């Protein structure tokens, strides 16, 4: 048994430190659960975005009422100031240890570690030991500011054929202030839940008869999607991209050549047999764009060749992880692949970063963070390519960010299987971080498909390739927009930009005339001519989150003016039609996030 050194060099507050803190907190929770509920078996307890979880199998059915009791015991354990220590074990030592304790799940994990040829380590604090790779704080005394949040079911290893486990989620932070801020954010997030707002605003739905993870866009949501797609296509064309369209399905041999069948098979739907041929739904667009490049021999004069597509892909996600628009089985990527010469790579990556930041600006996001995801040389079986290629590719990505003066964080082990990447995470209105845009370096697919171009000296060379997605997926980005704005979209995106409300039936004719003028100016307008009181009409328009309500009553018609009420409650009277058209038109053309109309 050899002691294991972890190398805890991460600063408090960094992603690495937060992961260590949260993973350590998961271990403490597992100890507390086993002490409070004898007979409970432990499985895995990783750190996740903003928190951690641990999965348990035992006779006790956990409820929210159990969480304070578990928290209390966790605090008692943490106050014991137990150091975390690791020791390397032989396979026989570890197997004997977990057999003696009847921990069948740990024995199964141990077999997988052995098959992969990885070292076997046990990590302990006080009386508790876990089978673990490591990644801990120095001592339990650092675990002070945490909260258990929820209980859920989870299949062992995410497979519905396996046992259903009980998962307890929690969060942990370095300071009380950070914990309090996060808990307040969670409360605000509940009110902004895109799944609830999607129904309330009639934007989209998931239909049980069609199946989970498949999105139906309703007219209002469909209109917003069209606006988003049209804007992106126009911007792409300005930046030298060429639009393409590719199939939804391909022969399995394509996925064998690309490497997806080896490295991504678990996320692909099963094969479909067609006339003795075998096909699969595409999980990614990249091999299709590669085939377009390969359709004829290219010249260096054609490079960089930027191919873009709003392409729908299909990925097999377990039902337990599906979540509204944010985690689905069918979605549309704003995908692009850039084929270029080696000397062009950094300028192309820089152009992708420019495009990503323009997306954030246009849709009202002012805060973001960048990460460079690199490979883990210790896990060569999950990556393709030579070490020297990975090092050069990572250096190229970092050089771009350094030259632009953009701060970034390195995230080891999170690269795609074919190359390192830059991830741009936006920060929304309530401080949440969302993985969004990605720029990925790929030196492997061009080789696998034997891509070439004729260089200036007449020789044949292999191009490099950049994968680029900005929205990430239309569905996920739309869900983020709904929650960022809490449904109060900026005018240029709103499915209904203005609604004309009448006090009585006598205003119907001038209301229809105003509607026609607004539509002629390119604005999206609706009428409310119902024989309801104006207060009820305003309340209904507010529930629909209409940005502008134009009220027409007898006095307004007589004076030739309008009364305008904004979605935030501000009101203006004596407004002329010309003023209304000018204000709305200017707000749309400038893509303002907040209304430019007057002052509160």
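Every read-out reported here was derived from the displayed coordinates using simple, explicitly stated rules and does not represent laboratory data. Keep in mind it's a predicted model, so treat the numbers as computed, not measured. Note: ideal-geometry Cβ built from the backbone for every residue, glycine included; neighbour counts use all protein chains shown.
Observations on the model:
- Ordering of 104-114, 123-133, 529-539 by packing [mean C-beta count within 10 Å, highest first]: 123-133, 104-114, 529-539
- Spatial extent of segment 499-600: Rg and Dmax, with the Cα atoms as the point set, Å: 12.7, 36
- Maximal additional length on extending the residue 354-residue 319 stretch stands at 9.0 nm, based on 0.36 nm per residue less the C-alpha distance.
- Nearest-0.05 FRET efficiency for residue 486 and residue 152, computed from C-beta distance (R0 22 Å): 0.30
- Correct choice for Cα extents along the principal axes in Å that was computed from the model, options [x] 118, 58, 54; [y] 92, 73, 54; [z] 93, 74, 71: [y]
- Rounded tilt (10° steps) of 534-543 against the dominant C-alpha axis of the chain: 30
- Over segment 194-485, Cα pairs under 8 Å with separation of 6+ residues give a relative contact order of 20 percent.
- Sum of -39500 (n - 2.57) over DSSP H runs of 4+, divided by residues of the chain (222 nm, nearest 500): -11000 deg cm²/dmol
- By DSSP, the beta bridges lying fully in the chain are antiparallel in about 85 percent of cases.
- The long axis of helix 15-36 is offset from the longest Cα principal axis of the chain by roughly 70 degrees.
- Take every pair of alpha-carbon atoms less than 8 Å apart whose residues are at least six positions apart; their mean separation over the length of segment 306-397 yields a relative contact order of 24 percent.
- The mean sequence distance of close C-alpha pairs (under 8 Å, at least 6 residues apart), as a share of the length of the chain, puts its relative contact order at 10 percent.
- If R0 equals 45 Å, the separation of the Cβ atoms of residue 558 and residue 207 corresponds to a calculated FRET efficiency of about 0.35.
- On the basis of the beta-carbon distance and an R0 of 41 Å, residue 239 and residue 448 show a calculated FRET efficiency of 0.90.
- In terms of packing, defined here as the mean over residues of other Cβ atoms within 10 angstrom, the peptides 402-408, 299-305, 500-506 line up highest first as 500-506, 299-305, 402-408.
- Debye-sum result for segment 2-173 in log10 I(q)/I(0), which assumes one identical scatterer on each alpha carbon, at q = 0.09, 0.14 Å⁻¹: -0.28, -0.72
- Folded to 0 to 90 degrees: helix 577-589 orientation relative to the chain principal axis, Cα: 20
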